[in-house]
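Structure first, commentary second.
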Amino acid sequence: MYDYGSHEDQQPVTWLRGYPVYAAHFIVLVFVASMLATAILMGLNVAAPWAWLPFSSAEVLRGQVWRVLTYGLLNPPSLMFVIDMAMIVWFGREVEKFLGRGKFLLLFGCIYLVPPLLFTVVGVWFPVHLQGEMGAFAVFVAFATLYPGVPVFFGLLAKWVAAILVGLYSLMAIADHDWQGGLTLWATTGFAFAFIRHGQGLITLPRLNLFRRGPRLRLIQGEKGGASPAALPGPAKGNSMAEVDALLDKIALTGFSSLTAKEKARLDSARDELSKRESRR
């Protein structure tokens with residue numbers, strides 16, 4: 001279940017002439033600046049950045065690990081790039097409002113790193129090269145996972161648009177024998193979907209308790225002054241999780257701001273209770 005964080009974390013980073021500016025806008029600003037720089041360098045026939053910045057599995061395996069971070073800084077101007085930036089602004093902003101700034105940046109950072117890390121492993125057998133931003137569609141998938149029933153394009157619900165586009169892009173990759181593009185698509189969108197579902201408590205990760213100790217004993221004073229060992233009591237039972245699930249469903253449909261003060265307090269209580277349980281493990 002999500003730790004919703006502070007109310008401040010879900011607010012804009014700043015305001016510009018009355019318009020809220022979120023972290024998603026700063027991400028787009030960085031990519032737009034990289035696109036302008038790429039266009040200028042291409043116009044001046046400067047080749048050095050293409051020798052050092054793109055991802056190359058062979059070069060990364062030789063020790064040039066910075067390529068895992070710099071591959072997304074080379075973005076030639078194109079209509080698709082403009083569409084990607086618009087998706088990050090529109091849908092990334094809504095995901096950020098729901099998750100909070102910290103978790104949104106974690107989500108986007110992981111989406112950014114998934115392709116190069118995956119292809120570093122694949123590159124042991126098949127050399128792979130990457131360049132340019134490629135996480136915008138995964139941001140939309142995260143939005144569609146959070147708000148599946150929201151109409152987005154031509155009245156179609158977000159979940160159906162996401163499913164149609166994933167299927168279409170997959171067929172295009174198969175038809176073009178583009179296994180690299182197909183792997184990138186499924187890795188980034190799959191991670192975005194799993195990230196949101198894990199936060200909603202619908203996907204759980206296995207927990208290894210290799211060094212977990214057994215229950216400690218304490219002495220309980222008896223009626224006659226004797227002492228007998230007894231296991232420490234287990235964690236107290238929480239309130240009804242059905243109520244919490246209902247609140248999560250409400251947030252998914254209408255956003256966190258739609259909650260009443262009482263409902264927000266109920267979520268805070270559930271979060272604190274979960275934290276106490278984790279600390280006792």
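The numbered conditions (1) in contact with a Ser or Thr (Cβ under 9 Å, 6 or more places away or on another chain); (2) in contact (Cβ under 8 Å) with a residue 12 or more places away in the chain are all true for V121 except (2). Per the conditions (1) of a type outside the set (V, I, T); (2) farther than 20 Å from Q131 by Cα; (3) in contact with a helix residue (DSSP H, G or I) (Cβ under 9 Å, 6 or more places away or on another chain); (4) without any contact (Cβ under 8 Å) to a residue 40 or more places away in the chain, the sole criterion not satisfied by Y19 is (3).
Only one entry in A33, A24, A37 is aliphatic (A, V, I, L, M) and within 18 Å of the chain's Cα centre (by Cα), namely A24. Every listed requirement among (1) surrounded by fewer than 16 Cβ atoms within 10 Å (Cβ to Cβ); (2) under 22 Å from I111 (Cα atoms); (3) more than 25 Å from the chain's Cα centre (by Cα) is met by A47 save one, (2).
With respect to being aromatic (F, W, Y), without any contact (Cβ under 8 Å) to a residue 40 or more places away in the chain and either over 30 Å from A158 (Cβ atoms) or part of a helix (DSSP H, G or I) (or both), F26 fits the description. May I ask you to verify whether G255 is at pLDDT below 90 and surrounded by fewer than 10 Cβ atoms within 10 Å (Cβ to Cβ)? So G255 fails the test. Could we say that Q11 is without any contact (Cβ under 8 Å) to a residue 24 or more places away in the chain and under 30 Å from D272 (Cα atoms) here? It is true that Q11 is without any contact (Cβ under 8 Å) to a residue 24 or more places away in the chain and under 30 Å from D272 (Cα atoms).
Pairs are defined by a Cβ separation below 7 Å, a sequence spacing of at least 6 or placement on different chains, a first member in region 162-181 that is farther than 19 Å from P115 by Cα, and a second member that is small (G, A, S); the pairs so defined are A162/A144. Among the helices (runs of 4 or more DSSP H) confined to region 63-140, the ones with at least 1 residues that are over 22 Å from the mean Cα position of the chain (by Cα) and either surrounded by fewer than 20 Cβ atoms within 10 Å (Cβ to Cβ) or of a type outside the set (A, V, I, L, M, F, W, C) (or both) are located at 79-87, 101-122.
The values are calculated or read from the model by the stated rules, or taken from the named source; none is laboratory data. None of these values were measured; they are calculated from a predicted model. Counting neighbours? That spans all protein chains shown, and the Cβs are built from the backbone with ideal geometry, glycine included.
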